[in-house]
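Written below as structure tokens is the structure these notes are about.
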Amino acid sequence: MKLPSSSRNWITIIGSLVAAVNLLLIIVLFLISTILNKNETNLGLFIYIILPGFLLLGLIMIPLGIIFSRKKRIDGGLKLIKKFPTVDLNIPQHRKAFVLFVILTVIILFLSTYGSFQAFHLTESVEFCGTLCHKVMEPEYTAYQNSSHANVACVECHVGAGASWYVKSKLSGLHQVYAVVTKTYPSPIETPLHDLRPARETCERCHWPQKFYTNNLHTNKHYLADSLNTGWNITLQMKIGPEFSDLGFKEGIHWHINPDIDVEYISENDKRELISYVKYTDKATGEVTVYRNPDIEMSDSMIAASSSRIMDCIDCHNRPSHKYSSPTVYFDKAMLTNEISQDIPFVKRTAMGILRNNFTDKDTAFMQIRDGIINYYKSDFSDYYEKNSADIDLSVAALQKAYSKNAFPGMKVSYDVYPDHIGHLEVEGCFRCHNDAFEAENGRKITRDCNLCHTIIGQGKEDLMQFTNIKDSLEFIHPVDIGTAWKEANCSECHRYLY
């Protein structure tokens, strides 16, 4: 079959070569990935996104070249050349060309449909989100893999259902790809994400508010920084919901997201860490209560110019899948599971003294953790080290492993960069609002009474535990005697710095 003379131009020829080469590469790579069962993200990126893009470019160049060639000939005075080609199926050559065109179109449409389907699933996969931009996403991906949501795909929370948010996420992704390619991304990545889909459209698809569980018991085990690494337990009755489940949202921690009320707030610089204004609205009665902090001046004009936020799950559960534990938390966990030996004297105090430092990279951190601990025991506990060097080495390796899951010097990520607002031990958390400072005109305060959220029903050293019945509460006893200082200051004033 003879091709029209207008197809013999450089644009069409180059477009044909580009299309043919990329189609061949797609087929070869697809066969390789299928036969060898290779489903790496980078290979899929080439097969279903990058190469099809160049294939499409080549296909577009073919008719463009023909159009430009015909236009050039017409403008050159060849009036006999028709502006548009004619197709007559009674002519055998035209019929063969038409059949070939239809067959190729069907094949291309089939491949495009299949490729688009695979591209969709590739861009929705956890591996695509977590491994494609390795350095940038390493902290978030590592934390995600060790979270309670590790079996929930990233897109379930970051995108959710529906085409509109899929399109928004991919448009946002283009900006992120540009930032990675040009290395203009911030270190660490700034939070909170203001364009994140509302929690009521994502979190609440699984965590149905109307069916939250009622109170439950939560026991924490801590270790003191003394020679014996003394264990200290505290058992809390967490008032997640009401005492009686049929009361619904009338009391308990999850009262804050009762669908019949709105809790609005304004935070300084919109970081959601320093709250300066709180507004409560009862949707059923229309009652509105405004709480102000007298130590923070907020005029009506400033309030009107500020953007308020309606409280939802993310205001407390702000690190549901990407939590970075502090050294005290991951050390205690490693000691509880016997990865770090409880028999090594002063091991927690020694480890905390090292981990309070900032490290330039992970290798430096590993070296200083190992050298700091080993040199300490060689110097101050030489006899103990000679007999127990194997236990110390295993404990050092466990501490290095725990550090690698929670700190990423390359992206300047650590527990204090991304504070977790659940609780109030290392950051203000609950005390952002519940601090006795916010007061309404009627004299009502947002109290900092800890018993609103939990009661202590057990505390103390393992062999000297104090208990009370589940209807009562013990007064908190600080594991180290600091008098009444714990009543007058926020826990985070000390615990943020690993004291």
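The values are calculated or read from the model by the stated rules, or taken from the named source; none is laboratory data. Since the model is a prediction, treat every value here as computed from it, not as a measurement. Note: ideal-geometry Cβ built from the backbone for every residue, glycine included; neighbour counts use all protein chains shown. What goes into the accessible areas is simple: the full protein's heavy atoms, side chains included, and nothing from ligands, DNA or RNA. Shrake-Rupley method; radii C 1.70, N 1.55, O 1.52, S 1.80 Å.
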Simple Cβ-charge dipole of the stretch 80-171, Lys/Arg +1 and Asp/Glu -1, about Cα centre, in debye nearest 20: 740
Cα gyration tensor category, rounded, prolate or oblate, for the stretch 41-185 with a/c compared to 1.5: prolate
Accessible-area value, Ile266, 1.4 Å probe, nucleic acids and ligands omitted, Å²: 10
Whether the stretch 441-485 is rounded, prolate or oblate, judged on the alpha carbon gyration tensor where a/c under 1.5 counts as rounded: oblate
The chain, dipole about Cα centre (Lys/Arg Cβ +1, Asp/Glu Cβ -1), debye to the nearest 20: 4000
Accessible area, probe 1.4 Å, largest first, for residues Trp208, Trp255, Trp10: Trp10, Trp208, Trp255
Charge dipole of the stretch 401-455 about the Cα centre (unit charges at C-beta), most positive-ward option of Leu425, Thr447, Ala437: Leu425
Heavy atoms of Val480 accessible to a 1.4 Å probe, total area in Å² rounded to 10: 80
Label-to-label distance, nm, for residues given as Val106 and Ser33 (7 Å Cα→Cβ offset): 2.6
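Need one number for the chain: average projected area of the convex hull over its C-alpha atoms, nm². Please report the intermediate quantities before stating the final value.
On the way: hull surface 148.5 nm².
So the mean shadow area of the Cα hull is 37.1 nm².
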Positive-pole candidate from Ser492, His94, Pro192, dipole of the chain, charges at beta carbon: His94
Listed residues Trp10, Ile470, Ile261: farthest to the positive end of the dipole of the chain (Cβ charges): Trp10
Acute angle (nearest 10 degrees) that the helix 51-75 long axis makes with the longest principal axis of the chain, alpha-carbon atoms: 40
Alpha-carbon gyration tensor eigenvalues x 5, square-rooted, for the stretch 228-360, Å: 40, 23, 12
Placed amide H near Asp420: partners under 5 Å, 5+ positions off or other chain: none
Accessible surface of Lys221 - all protein chains present, 1.4 Å probe, nearest 10 Å²: 50
Interchain or long-range residues, amide H under 5 Å from Tyr277's placed H: Ile266
Residue order for Glu204, Glu138 - accessible surface, 1.4 angstrom probe, largest first: Glu138, Glu204
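Rank these residues by their accessible area, most exposed first, probe 1.4 Å: Tyr223, Tyr166.
Details: Tyr223 10, Tyr166 60 Å².
Sorted by accessible area, descending: Tyr166, Tyr223.
When a/c reaches 1.5 or more, the comparison of a/b and b/c decides; with that in mind, is the stretch 388-490 rounded, prolate or oblate per its Cα gyration tensor?
Oblate.
Over the chain, what percent of the accessible surface lies on carbon and sulfur atoms, probe 1.4 Å? Don't skip to the end; give the middle numbers.
Working: 18400 of 30600 Å².
Solvent-exposed carbon and sulfur of the chain make up 60 percent of the total.
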C-alpha long axis of helix 134-145 to longest principal axis of the chain, angle in °: 50
Angle between the chain longest axis and helix 92-123 axis [Cα atoms, degrees, rounded to 10]: 10
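Could you quote the convex hull projected area for the stretch 145-269, Cα atoms only and averaged over all directions, in nm²?
One quarter of the hull surface, i.e. the mean projection, equals 12.9 nm².
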